[in-house]
Each structure stands twice: as C-alpha cells, then as structure tokens.
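These notes concern the structure reproduced below.
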Amino acid sequence: MSQHVRGVVARAKGEPVRVETVVVPDPGPGEAVVKVQACGVCHTDLHYRDGGIGDDFPFLLGHEAAGVVEQVGPGVTEVAPGDFVILNWRAVCGRCRACRRGRPQYCFDTHNAKRRMTLTDGTELSPALGIGAFAEKTLVAAGQCTKVDPAASPAAAGLLGCGVMAGIGAAINTGGVGRGDTVAVIGCGGVGDAAVVGARLAGAARVIAVDIDDRKLETARSLGATHTVNSRGTDPVEAIRGLTGGFGADVVIEAVGRPETYEQAFYARDLAGTVVLVGVPTPQMRLELPLADIFGRGGALKSSWYGDCLPSRDFPMLVDLYLQGRLDLDAFVSETIALDEVEDAFGRMREGDVLRSVVML
C-alpha cells in the first residue's frame, strides 16, 4: 500500500521550494523504500531548483542521505528491512562495458527505481539524482542502498552519499595522491575541504588550500591543509609555485568548476603532474588553453565524477575510518535543520556560511 509522506519539492525553475505531500508506492522488483534519517543540503539540489540540471519539474530534492530500509521488493538480496544504509546515485548494473572490464566505478548504465513517486494529484516527481531524499521516506533502486555500520551518525554518514565522497575520491581515487605528494585544492567548499581530507588520508606531505574567503581557508586548515592562499589578492599559481620550490604541485584539484580556476589549476601543477576537475561547470562554460602547453607539460588532466567511487567498496571503508576516529565527518556538519528550512539553507550555502546543513527527519 502506498504511503503519504512530507517532502521538499521544486515546482518550477527558480521558485522557492516547499514541503508537500508525496505519495511513495510500494517497492517493485529490485526496489526498496528507505526511511530517511538525515539528508545533506548539496549544491546539486540548488542546481536542480534553478534549472541547471534539467527541466523535468517538479523535482523531489535531496540525495545526500542515510536511513533505514523499511521495505524491499521482489528479488532484492543486497539489503533487508532494518539495514542502515547510505544512499548512492551509482547503482552499478554489472553488465555494461565498464562493469565487464572490471571498472564498475565507471558504470555507464546505473539504475534508479522504475516506479514513480507522485504528488497527491498524481503528478509524477523527478527525484534528484534518482533519490529524492528530502522526504520522510523515499523509493530507490535497491542497488542505491549501501549497507554500513549502524553505529555511525546518520548526519555524518549521509554526507558520503555525495559531496564528501566526491572530494575524498577526487584525491584518492582520481588524483592518485600518494605518500609525500604536494597537493593544491582550489575552492574550499564542502567538496574542496573533503579533497583536503582525502589528500591527508592518502599521505600527502603538503596540502595547499586556495579560496577567496578567509573563513573557508581557516576551515580548510582545521581539516588538514598545511598552507592557505587567498586568491582574491594573490596569484594562486605563483603562490603554489612559491610553496613548492618553483615547480608546482603534484596534484591540483579544482573544486570550483569555472574556466578561470581550471586554468589556474593547469598552470599550478608540476611537469607531469595531475589536474583533477571535481567542480561542476555549467553547460555554457568553455575552456581555452594553448595546445602546445597541454602537450609540453605532460601529466594528466582528469575529471572526477562522484570521486570515481564504488559505493560498495568506499562507503563501508570510510565509515570504519570515521568510527575509528581517523576521519572527522562530524566536522562537515555545520548545522542540523528541519525539512521546512531547506530554502533558507540554500541562502546560507550561497553566502558560504556553512559547509553542510543537514536535514534531520
């Protein structure tokens, strides 16, 4: 029998979100209903609200979440009712060319629930990233549920569902940061700060945080940055070179998603160094670099999508590090809020006042 729950819905481009009644159907084959306990307010949700990702309004927002499986549909074996899970938007198919080559973290056919959640008048909702977790309960593909240790705080664990995983993965999985490396991170929001944490976890000797906001730089330092650069008044390329003997960083992680900052990242790396783009650009952005410079500098230019993570591998490992006191996920939780405070949280996020607001349900 379907259930009626409260959820945060974006009705039209740029309009304030509002809490509405959402109809959650029983799970079909390969699906699960999850009782959401916590969901982070991510920039991606704001992009959905502002029409930057698609126009399939109305959207049921929220995707960076943890909760407890309540029901499962026919054929589900990976999770069971009562399991504490982190929701993910990379439910690997196991059949595409990437999966068959042993690279499921690049799965080209990730899947979502087939049944649709609706408004009470029958209007179908488009769940953000196939999840829609700004709701008391949500319907997802069972493969979007990753079982982790229930001792973890839902507010902290849920952040691995998107932003924190994206940043940590950009450093460890995509950037391949190794012991003794020098890493620069441009953009110190939630994802950038997670990249700082990931670089330190991987053994980087020096982590240089770059931003235009001294508050963000101080937070980055508290999370492990060894040096900070305010690029509002300082050339970040020259500053990074000055801190690396004139050579540049081994890995530069761009967590802004703008052509200007990507160019800074490109020129701030050492010869044969690596640039990782994890900041999300808009469709109209264009980048122009001399091809001779790309050829002459060697190295690698990489994009990091979801931190190149494999949830079944990475989420339990990172939760274990959190429970061991080796990964401070709680530091990313700036505030906890109610479901009807999401619109206000978007404003605080735009102003750079929070790392993460987390909705508690």
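Laid out as a table, the results:
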{"quantity": "Residue in the range 72-91 that is under 17 Å from Trp305 (Cβ atoms), at pLDDT below 95, open to solvent by 10 Å² or more (accessible area, probe 1.4 Å) and among the acidic types (Asp, Glu) present", "calculated": "no"}
{"quantity": "Verdict on Val256 being assigned to a loop (DSSP other than H, G, I, E, B), under 18 Å from the mean Cα position of the chain (by Cα) and surrounded by 14 or more Cβ atoms within 10 Å (Cβ to Cβ)", "calculated": "yes"}
{"quantity": "Every pair of residues 6+ apart whose Cβ atoms lie under 6 Å, when the first sits in the range 216-241 and is under 17 Å from Ala202 (Cα atoms) while the second is of a type in the set (Asp, Glu) and in a helix (DSSP H, G or I)", "calculated": "Ala220/Asp193; Leu223/Asp193"}
{"quantity": "Residues of the range 176-192 satisfying the condition of being in contact with a helix residue (DSSP H, G or I) (Cβ under 8 Å, 6 or more places away or on another chain), at negative phi and either surrounded by 24 or more Cβ atoms within 10 Å (Cβ to Cβ) or small (Gly, Ala, Ser) (or both)", "calculated": "Val177, Val183, Ala184, Val185, Ile186, Cys188, Gly189, Gly190, Val191, Gly192"}
{"quantity": "Pick from the range 275-311, criterion surrounded by fewer than 16 Cβ atoms within 10 Å (Cβ to Cβ) and among the polar types (S, T, N, Q), ranking: modelled with the highest pLDDT", "calculated": "Ser303"}
{"quantity": "Residue match in the range 277-285 (condition: in contact (Cβ under 8 Å) with a residue 60 or more places away in the chain, part of a helix (DSSP H, G or I) and β-branched (Val, Ile, Thr))", "calculated": "no"}
{"quantity": "Tally, over the range 1-32, of residues that are under 21 Å from Asp121 (Cα atoms) and part of a strand (DSSP E or B)", "calculated": "15"}
{"quantity": "Strands (runs of 3 or more DSSP E) wholly inside the range 57-160 that include at least 3 residues being out of contact with any helix residue (DSSP H, G or I) (no Cβ under 8 Å at 6 or more places or on another chain) and within 19 Å of Val8 (Cα to Cα)", "calculated": "137-141"}
{"quantity": "One residue from Val196, Val191, Val177 being β-branched (Val, Ile, Thr), closer than 19 Å to Lys302 by Cβ, over 16 Å from the mean Cα position of the chain (by Cα) and modelled with pLDDT of 95 or more", "calculated": "Val177"}
{"quantity": "Filter result (among the β-branched types (Val, Ile, Thr) and under 16 Å from Phe315 (Cα atoms)) within the range 69-90", "calculated": "Val79, Val85, Ile86"}
{"quantity": "Condition check for Glu335: without any contact (Cβ under 8 Å) to a residue 60 or more places away in the chain, surrounded by fewer than 22 Cβ atoms within 10 Å (Cβ to Cβ) and under 26 Å from Arg49 (Cα atoms)", "calculated": "yes"}
{"quantity": "Top-ranked residue of the range 205-222 - restricted to ones that are in contact with a helix residue (DSSP H, G or I) (Cβ under 8 Å, 6 or more places away or on another chain) and within 17 Å of Gly175 (Cβ to Cβ), ranked as surrounded by the most Cβ atoms within 10 Å (Cβ to Cβ)", "calculated": "Val210"}
{"quantity": "Check on Ala195, over 23 Å from Arg49 (Cβ atoms), in contact (Cβ under 8 Å) with a residue 60 or more places away in the chain, open to solvent by less than 10 Å² (accessible area, probe 1.4 Å) and not in a loop (DSSP other than H, G, I, E, B)", "calculated": "yes"}
{"quantity": "In the range 338-361, residue farthest from Gly192 (Cα to Cα) [restricted to those that are open to solvent by less than 10 Å² (accessible area, probe 1.4 Å) and either free of Cβ contacts under 8 Å to residues at least 40 places away in the same chain or aliphatic (A, V, I, L, M) (or both)]", "calculated": "Leu339"}
{"quantity": "Of residues in the range 102-115 being surrounded by 14 or more Cβ atoms within 10 Å (Cβ to Cβ) and not polar (S, T, N, Q), the one farthest from Asp26 (Cα to Cα)", "calculated": "Arg103"}
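The values are calculated or read from the model by the stated rules, or taken from the named source; none is laboratory data. Because the structure is predicted, anything quoted here is derived from the model rather than measured. Cβ coordinates were reconstructed from backbone atoms using ideal geometry, including for glycine residues, and neighbour counts include every protein chain displayed. With ligands, DNA and RNA removed, areas are computed over all heavy atoms of the protein, side chains included. Shrake-Rupley method; radii C 1.70, N 1.55, O 1.52, S 1.80 Å.
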